[in-house]
1. Report, by residue number, each residue of region 210-242 that is modelled with pLDDT under 90, surrounded by 13 or more Cβ atoms within 10 Å (Cβ to Cβ) and assigned to a helix (DSSP H, G or I).
2. Can you pull out the residues in region 85-139 that are closer than 21 Å to LEU25 by Cα, hydroxyl-bearing (Ser, Thr, Tyr) and within 16 Å of the ligand (Cβ to nearest atom)?
3. Which residue out of LYS200, LYS183 is open to solvent by 50 Å² or more (accessible area, probe 1.4 Å), part of a loop (DSSP other than H, G, I, E, B) and closer than 22 Å to GLY275 by Cβ?
4. Return the residue satisfying two criteria in turn: it lies in region 87-128 and is under 16 Å from LYS55 (Cβ atoms) and within 21 Å of the chain's Cα centre (by Cα), and of such residues it is surrounded by the fewest Cβ atoms within 10 Å (Cβ to Cβ).
5. Whether any residue in region 249-266 is basic (Lys, Arg), in contact with a Ser or Thr (Cβ under 8 Å, 6 or more places away or on another chain) and either within 22 Å of LYS200 (Cβ to Cβ) or within 16 Å of the ligand (Cβ to nearest atom) (or both) is what I want to check.
6. Return the only residue of GLU172, GLU287, GLU207 being within 30 Å of LEU106 (Cα to Cα), outside any loop (DSSP other than H, G, I, E, B) and open to solvent by 20 Å² or more (accessible area, probe 1.4 Å).
7. What are the residue pairs meeting all of these: first residue in region 266-279, first residue under 13 Å from CYS64 (Cα atoms), second residue away from the ligand (no atom under 14 Å from the Cβ) and part of a helix (DSSP H, G or I), Cβ atoms under 6 Å, and 6 or more apart or on different chains?
8. One residue is enough: does region 254-266 have a residue meeting the conditions open to solvent by 20 Å² or more (accessible area, probe 1.4 Å), over 17 Å from the mean Cα position of the chain (by Cα) and closer than 28 Å to LYS92 by Cα?
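The values are calculated or read from the model by the stated rules, or taken from the named source; none is laboratory data. This is a predicted model, so every value here is computed, not measured. Ideal geometry is used to build each Cβ from the backbone, glycine not excepted, and the neighbour counts take in all protein chains shown. Side chains are part of the model used for accessible areas, which takes the heavy atoms of the whole protein and leaves out ligands, DNA and RNA. Shrake-Rupley method; radii C 1.70, N 1.55, O 1.52, S 1.80 Å.
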Amino acid sequence: MSQMQNIQWFPGHMKKTERQITACLPLIDAVAEIVDARIPQSSRNPSLDKLLGGKPRLLLMNKCDIADKVATDKWISYYRANGVIAVPVDCKTGKGTDGFVKAVKLLLADKLRSYDEKGLVGKPLRVMVVGIPNVGKSSFINCMSRLSKAKVADKPGVTRGNQWFKIDARLELLDTPGVLWPKFDDMSVGEKLAFTGAVKDGVTDTELLAVRLLEYMSREYPERLEERYSGVLTADCDDAYELLCAIGKRRGMILRGGEVDTERASVMLLDEYRGGKLGKITLEMPEI
Ligand code: G4P
């Protein structure tokens, strides 16, 4: 895990992105910050607050289809109490995206009215979409523009050029200029980013990660484990590593000597979590 702490720190890249974002600020009316609804706090970059100054902002809680709805609602209330409008979206199906358009127009109603009063009837609102890699920025823009022109990156960190996307007569979106890295304030942030796949495998110890995910799940969502790997909770496991072995065994992942292939079981477990196959699971709750 110690390696994971190092990958946060690309001072050159981060400075470049900060400069690019700052340069775009005069061009836009508001910012849509996308977060992963399963880790709404850990998937934000805290330095963004300072960078964006007083720009009106909306928070998009993407991937709400694979987050725990009760938790998402709690986060939305939490943000509302802190003066931030948060909208749940699912860019796989497009669910919630009309809520986003409505929320932008409400947030910037004064601006729209002043454009109309000045006779600038066709002037669109311009919104910059920001977020750390893997939260679904490309998917969101694709989904919104319905033209599929935004290239969906298959790896976190793929830079795309600045581009405007026309959503309707009164709304245009600008993709994040540069790559906004997450901030690993503590180990648990890095771990949550790794659970969701925002930090790619190879940087972290897969088996340790799988064990940590199982520790969390057996505490917070034991029923989901039972649903997916029936019988594992009654397998009499003393700890999460034994649970991993029980899961591997259930899936027939046995090495030649008869031992469970825990490496394979770990990869499978993490893949299944990332793909939403373990159900709707949120990894952090707001501190109320
Ligand atoms: P980025 O631009 O912010 O880096 O993210 P991107 O859109 O590339 O999305 C990252 C991954 O998250 C993609 O999966 C994408 O399909 C998935 N994703 C985006 N939005 C949603 C959503 O609302 N719900 C769910 N369940 N998944 C979402 P991938 O495995 O990298 O690619 P693929 O499976 O689409 O091929």
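1. Kept after step one, since they are modelled with pLDDT under 90, are these residues of region 210-242: 230-238.
Filter once more, so that each one left must be surrounded by 13 or more Cβ atoms within 10 Å (Cβ to Cβ): 232-233, 235, 237.
Matches in region 210-242: VAL232, LEU233.
2. Residue satisfying the conditions is SER138 alone.
3. Working: LYS183 fails: closer than 22 Å to GLY275 by Cβ.
After ruling out the rest, the residue left standing is LYS200.
4. ALA103
5. Scanning region 249-266 turns up no residue that is basic (Lys, Arg), in contact with a Ser or Thr (Cβ under 8 Å, 6 or more places away or on another chain) and either within 22 Å of LYS200 (Cβ to Cβ) or within 16 Å of the ligand (Cβ to nearest atom) (or both).
6. Numbers: GLU287 fails: outside any loop (DSSP other than H, G, I, E, B); GLU207 fails: within 30 Å of LEU106 (Cα to Cα).
Checking each option against the conditions leaves just GLU172.
7. Matching pairs, first to second residue: GLY279/ARG224.
8. Start the filter on region 254-266 by keeping residues that are open to solvent by 20 Å² or more (accessible area, probe 1.4 Å), which leaves 254-261, 263-264.
Narrowing the set further to residues that are over 17 Å from the mean Cα position of the chain (by Cα) leaves 254-261, 263-264.
Keeping just the survivors that are closer than 28 Å to LYS92 by Cα gives 264.
The answer is yes; a qualifying residue exists.
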